[in-house]
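Structure first, then comments.
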Amino acid sequence: MAVESVLVTGANRGIGLEFVKQFLKLDDPPRFVFAACRNPGLATDLLDLKKESKNSEIILIQLDVTNLEEIQAAKKEVEKFVGNRGLTLLINNAGSAALQGFPGVTKESFFKHFDTNAVGPFLLMQELYPLLQKAASLKESEKLSVSRAAVINISAGNGSLTTAMGLVPVIDAAVGYRTSKAAVNMAMRIVSRAMKKDGVLNVQICPGWVKTDMGSPAAEIEVPDSIAAMLKTMLTLNENNQGDFLDRNGVPIPF
């Protein structure tokens with residue numbers, strides 16, 4: 001996977017942190033790894049990786065995806081390093097989940113989930129889009145791929161409208177979370193056609209039920225296994241996957 005630069009949100013723990021670790025272990029690791037999180041000064045694992053990394057430059061970026069000023073500042077910071085080469089890959093991973101179900105779900109819960117899981121990732125992608133376009137333009141003769149320019153949105157299978165009634169009942173308590181994931185899937189799918197014309201791949205991937213702080217120890221999948229599967233799937237993505245919603249192994253999930 002020849003990715004010149006990658007930005008990972010929510011990179012201080014769980015899925016985001018493991019993405020950073022596994023990118024660094026690639027035979028051809030990215031030149032720049034932008035590890036974005038809300039409090040980079042407290043991200044001890046990332047700070048250790050930054051000191052140890054020999055083949056990639058790790059740049060820690062302060063980023064709360066619900067803060068437009070921080071999104072804009074992040075774009076300027078990335079641009080300082082990548083210049084006219086642009087940003088190759090954005091992994092929209094940062095998210096929020098809380099169990100609050102019917103009939104007690106609140107307006108605040110809906111707004112928080114939508115802000116973090118749908119609006120924030122979309123606005124970040126939109127702000128960084130000129131940098132993704134630059135990366136894509138350098139490889140105009142190539143088909144869509146993560147090595148040319150791409151946005152990978154870490155979604156959730158329980159955001160599927162089609163299968164909403166078939167999941168275990170406890171998930172029904174995550175009303176705000178599930179609807180926000182359905183919303184980001186829709187928003188990204190709407191713009192995927194325009195992005196394809198610019199040579200930028202846009203795909204939603206569900207990592208599975210992963211043993212993170214959000215997923216809980218009861219989850220089914222270890223973090224390294226989930227990320228390894230997603231990276232393997234990302235290698236196979238092309239223009240035929242534009243706007244798709246896939247599981248970690250590349251199997252389509254109905255919207």
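Some notes on this structure:
- Checklist (1) open to solvent by less than 60 Å² (accessible area, probe 1.4 Å); (2) in contact (Cβ under 8 Å) with a residue 40 or more places away in the chain applied to ALA73, failing item: (2)
- Given (1) among the aromatic types (Phe, Trp, Tyr); (2) under 28 Å from ASN158 (Cα atoms); (3) part of a helix (DSSP H, G or I), number of the condition PHE102 does not satisfy: (3)
- Residue match in the range 227-239 (condition: at pLDDT below 95, more than 30 Å from PHE102 (Cβ to Cβ) and either of a type outside the set (Lys, Arg) or in contact with a Cys (Cβ under 7 Å, 6 or more places away or on another chain) (or both)): no
- The set of residues in the range 14-46 being open to solvent by 20 Å² or more (accessible area, probe 1.4 Å), farther than 18 Å from PHE81 by Cβ and touching a Leu at 6+ places or on another chain (Cβ under 9 Å) consists of LYS21, GLN22, LEU26, ARG38, GLY41, ASP45.
- For ASN153, the conditions (1) in contact with a Ser or Thr (Cβ under 7 Å, 6 or more places away or on another chain); (2) polar (S, T, N, Q); (3) closer than 17 Å to LEU87 by Cβ all hold with the exception of (1).
- Within the range 98-116, being of a type in the set (S, T, N, Q) and over 15 Å from LEU63 (Cβ atoms) holds for GLN100, THR106, SER109.
- Selection from the range 183-197 of residues that are closer than 19 Å to LEU124 by Cβ and not β-branched (Val, Ile, Thr): ALA183, ASN185, MET186, ALA187, MET188, ARG189, SER192, ALA194, MET195
- Restricted to the range 1-94, the set of strands (runs of 3 or more DSSP E) holding at least 2 residues that are within 15 Å of the chain's Cα centre (by Cα) and closer than 25 Å to THR233 by Cβ comprises 5-9, 32-37, 89-92.
- VAL105 passes every criterion in (1) over 28 Å from LEU246 (Cα atoms); (2) modelled with pLDDT of 95 or more apart from (2).
- Residues considered: ARG178, ARG193. Of these, the only one that is within 17 Å of ALA98 (Cα to Cα), free of Cβ contacts under 8 Å to residues at least 60 places away in the same chain and part of a helix (DSSP H, G or I) is ARG178.
- Hits in the range 109-162 - residues which are part of a helix (DSSP H, G or I), open to solvent by less than 50 Å² (accessible area, probe 1.4 Å), more than 16 Å from MET195 (Cβ to Cβ) and hydrophobic (A, V, I, L, M, F, W, C): ALA118
- Meets criteria (modelled with pLDDT of 95 or more, crowded, with 21+ Cβ neighbours inside 10 Å, in contact with a Ser or Thr (Cβ under 8 Å, 6 or more places away or on another chain) and farther than 24 Å from SER226 by Cα) for GLY86: yes
- Among (1) at negative phi; (2) in contact (Cβ under 8 Å) with a residue 60 or more places away in the chain, the one test that VAL65 misses: (2)
The values are calculated or read from the model by the stated rules, or taken from the named source; none is laboratory data. For clarity, every value in this text was computed on a predicted model and none was experimentally measured. Using ideal geometry, Cβ is built from the backbone for each residue, glycine included, and neighbour counts are taken over all protein chains shown. All accessible areas refer to the heavy atoms of the entire protein, side chains included, with ligands and DNA or RNA removed. Shrake-Rupley method; radii C 1.70, N 1.55, O 1.52, S 1.80 Å.
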